[in-house]
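K.L.:
Sharing a structure below in structure tokens format, with a few things to ask.
The values are calculated or read from the model by the stated rules, or taken from the named source; none is laboratory data. On a predicted model such as this, the values are computed, not experimentally measured, just so you know. Note that each Cβ is placed from the backbone with ideal geometry, even for glycine, and that neighbours are counted across all protein chains shown.
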Amino acid sequence: MTSTTRRTPSPRTILFVVAFGVFVAADDLTVVSTMLRQIIFDLEIPLPDGLDQAAWIVNAYLIAYVVVMPFIGRLSDIWGRRNVYVASLVLFLAGSIWVPFAPDLNSFIVGRVLTALGGGAMVPVAMAVIGDVYPREKRASALGALGAIDTAGWVWGPLYGALLIRLLSWEWQFYLNIPLSLFGIAAAWWALRDLPEPKTRERIDWVGTAVLTISLISLNIALLNSGDVQAAGGFAQLQSNEPSTNTALLYAIAAITFAIFLAIQHYLGKQANHHNLESITPSPGHLRSQNAITLSPPPPLIDLTLFRRRNFSPAILINFLVGGILIIAMVNVPLLVNVLEFDVETAALTSGYLLSGMTGAMAVMAWVGGQLTERMSYRPVTAVGLAFCAAGMGLMGWLWLVDTPYLNMASHLVVLGIGFGLVIAPIGAAVINAAPEHQRGVASSLVIVLRLMGMSVGLSGLTAWGLYRFEILRKFIDLPDLPLSDPTYQQALADGLTQVTVSVLTETFLISAGVALLAFLVALWLKRD
């Protein structure tokens, strides 16, 4: 009689399984961009009056995507990666079933929030899984591969959406998510079965979770209100806008609740340390009150001592700054093309081709960056990547003019994409390697949250600077002394506004180059493990 031993899935198999879910979620994040017009038409949203409502198709997804990450990352530390990853896919599946049958906008948004909660949860848990199954010296290449697949999902989403709109309908995006999610659930349940279970089932800091959620929601809505330049169609459409009282109130709520959150985390951290000391050297009184241990407060949602660990703070800060640079490229390139092209469809296609050069380079170099990090450590790869970012943004800022050929623009965006891609793996590896085993989930979530918050802050800052500079430069437009209705006058005004808008956008590229150089200086703090 022979005995058979169950074969444990290899780390590479586990990477493939979690990366599959991340790819599907990344595709779902960007696919709606090319479907939005048809969705608005089918949901019978009146335009332009309903534009603010329609914006929530995108905004609600982004907010839910960000808000869920810290909690889910911590939950995976407590409940186990397999349970949380599979539950995330189930939530994503539920949203995908809900959306195509939504009868109205509000119901549609509920479904999108469900898919965002599931999709947003998968990314940090996948990163933590890599930290669990790969040894420290091999994590960078695995994280680089995951970053490449995540970026490929970003690139594929808009193209996939355009194909579905042309050949089928937007509902098929969500119909096809159903078998993909079912496959992902089955594969994850099998592949992740031998992952180490948490040694202790700690309680969750529900108060801290609630306060941080309020802070993130308030901040993201305020930033979206402040930075919706792309939806408005350019700075000319925003020139009369002033920050509303509601937006200022949201910023205040975000600041106050974040301060409260930090106070809660500091208090819970002290209590947890005190409890750990007592468990090591228990006093007689403590031994008599062991039954009261369950009444002790839970550990903090985010252990603030993480930020004192080697490489953690500089890596997180770099990720925040890179997020701010990335969003300026993602928003400003389509804006600039829209200014130069009169045909909307031509502008959309041209923007897509240009940005695919950047994101395609990101996907390739994310994998290359992981390989290089294993050989050279974090600092040199991150520094070279940020130097490429600064060079790419500098070329865009100095050389992009009204008559710059698109091929030249594409080459500069490839340089920028090389820089972004090189940074992904070393930063992710630095954060995960810095975190203790029982905090990898929340550490991974902070990598993504800080990048997304950097994108939100960058977009808001872009809008503020753009409006300020647009108001100044438009006063210097040289106009002929003719009646306002004269065609010559109108053409001169249009040409002048085009020149001013291009000047404003290229200035933001130069500012971004400066931010990349700042991140380069921060990268010098990174050290070998």
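K.L.:
In the set Ala186, Ala191, which member is farther than 30 Å from Gly324 by Cα and touching a residue at least 40 places away in the same chain (Cβ under 8 Å)?
P.N.:
Working: Ala186 fails: touching a residue at least 40 places away in the same chain (Cβ under 8 Å).
None of the other options fit; the residue is Ala191.
K.L.:
Quick check on Thr373: is it touching a Gly at 6+ places or on another chain (Cβ under 8 Å) and farther than 14 Å from Ala523 by Cβ?
P.N.:
Values: touching a Gly at 6+ places or on another chain (Cβ under 8 Å): yes; farther than 14 Å from Ala523 by Cβ: no.
So Thr373 fails the test.
K.L.:
So Ser169 clears everything in (1) buried (at least 22 other Cβ atoms within 10 Å of the Cβ); (2) not in a helix (DSSP H, G or I) except one condition, right? Which one?
P.N.:
Only one criterion is unmet by Ser169, namely (1).
K.L.:
So, one more: Considering each of Tyr160, Tyr175, Tyr134 in turn, give the residue that is at pLDDT 90 or above, out of contact with any Cys (no Cβ under 9 Å at 6 or more places or on another chain) and not aliphatic (A, V, I, L, M).
P.N.:
Going through Tyr160, Tyr175, Tyr134 in turn, just one is at pLDDT 90 or above, out of contact with any Cys (no Cβ under 9 Å at 6 or more places or on another chain) and not aliphatic (A, V, I, L, M): Tyr175.
K.L.:
Same structure again: Out of Phe420, Phe509, which single residue is crowded, with 22+ Cβ neighbours inside 10 Å, within 30 Å of Leu212 (Cα to Cα) and of a type in the set (Phe, Trp, Tyr)?
P.N.:
Phe420
K.L.:
Checking Val123 against (1) surrounded by fewer than 21 Cβ atoms within 10 Å (Cβ to Cβ); (2) under 30 Å from Pro9 (Cβ atoms); (3) of a type in the set (Val, Ile, Thr), which test does it fail?
P.N.:
Unmet for Val123, out of (1) surrounded by fewer than 21 Cβ atoms within 10 Å (Cβ to Cβ); (2) under 30 Å from Pro9 (Cβ atoms); (3) of a type in the set (Val, Ile, Thr): (1).
K.L.:
Select, from Val414, Val402, Val442, the only residue that is part of a helix (DSSP H, G or I), surrounded by fewer than 24 Cβ atoms within 10 Å (Cβ to Cβ) and not aromatic (Phe, Trp, Tyr).
P.N.:
Checking each option against the conditions leaves just Val414.
K.L.:
Identify, please: which residue in the stretch 94-120 is within 16 Å of the chain's Cα centre (by Cα) and not polar (S, T, N, Q) and is, among those, nearest to Val66 (Cα to Cα)? Give the derivation first.
P.N.:
To start, the set of residues in the stretch 94-120 that are within 16 Å of the chain's Cα centre (by Cα) comprises 113, 115-120.
Subset that is not polar (S, T, N, Q): 113, 116-120.
Numbers: Val113: 11, Ala116: 9, Leu117: 9, Gly118: 11, Gly119: 10, Gly120: 7 Å.
Step by step, filter the stretch 94-120, then rank; the result is Gly120.
K.L.:
Name the residue, out of Val344, Val333, Val337, Val364, that is in the same structural domain as Gly466 (by TED's automatic domain parsing), within 19 Å of the chain's Cα centre (by Cα) and at pLDDT below 85.
P.N.:
Answer to the check: Val333.
K.L.:
Looking at the stretch 449-464, is at least one residue outside the structural domain of Val123 (by TED's automatic domain parsing) and more than 27 Å from Val68 (Cα to Cα)?
P.N.:
Looking through the stretch 449-464, at least one residue is outside the structural domain of Val123 (by TED's automatic domain parsing) and more than 27 Å from Val68 (Cα to Cα).
K.L.:
Which of the residues that make up the stretch 465-494 are among the charged types (D, E, K, R) and at pLDDT below 70?
P.N.:
Asp478, Asp481, Asp486
K.L.:
Condition first: touching a Lys or Arg at 6+ places or on another chain (Cβ under 8 Å) and either closer than 24 Å to Ile424 by Cα or of a type in the set (A, V, I, L, M) (or both). Now tell me which residues in the stretch 83-126 satisfy that.
P.N.:
Val99, Val125
K.L.:
On to the next question. Can you name the residue in the stretch 81-105 that is of a type outside the set (A, V, I, L, M, F, W, C) and at pLDDT 85 or above and, of all such residues, is farthest from Glu202 (Cα to Cα)?
P.N.:
This residue is Pro100.
K.L.:
Got a number for residues in the stretch 209-246 being at pLDDT below 55, buried (at least 19 other Cβ atoms within 10 Å of the Cβ) and not in a helix (DSSP H, G or I)?
P.N.:
Going through the stretch 209-246 one residue at a time, the tally reaches 1.
K.L.:
What is the one condition in (1) at pLDDT below 85; (2) farther than 25 Å from Thr506 by Cβ that Met376 does not satisfy?
P.N.:
The single condition Met376 does not satisfy is (1).
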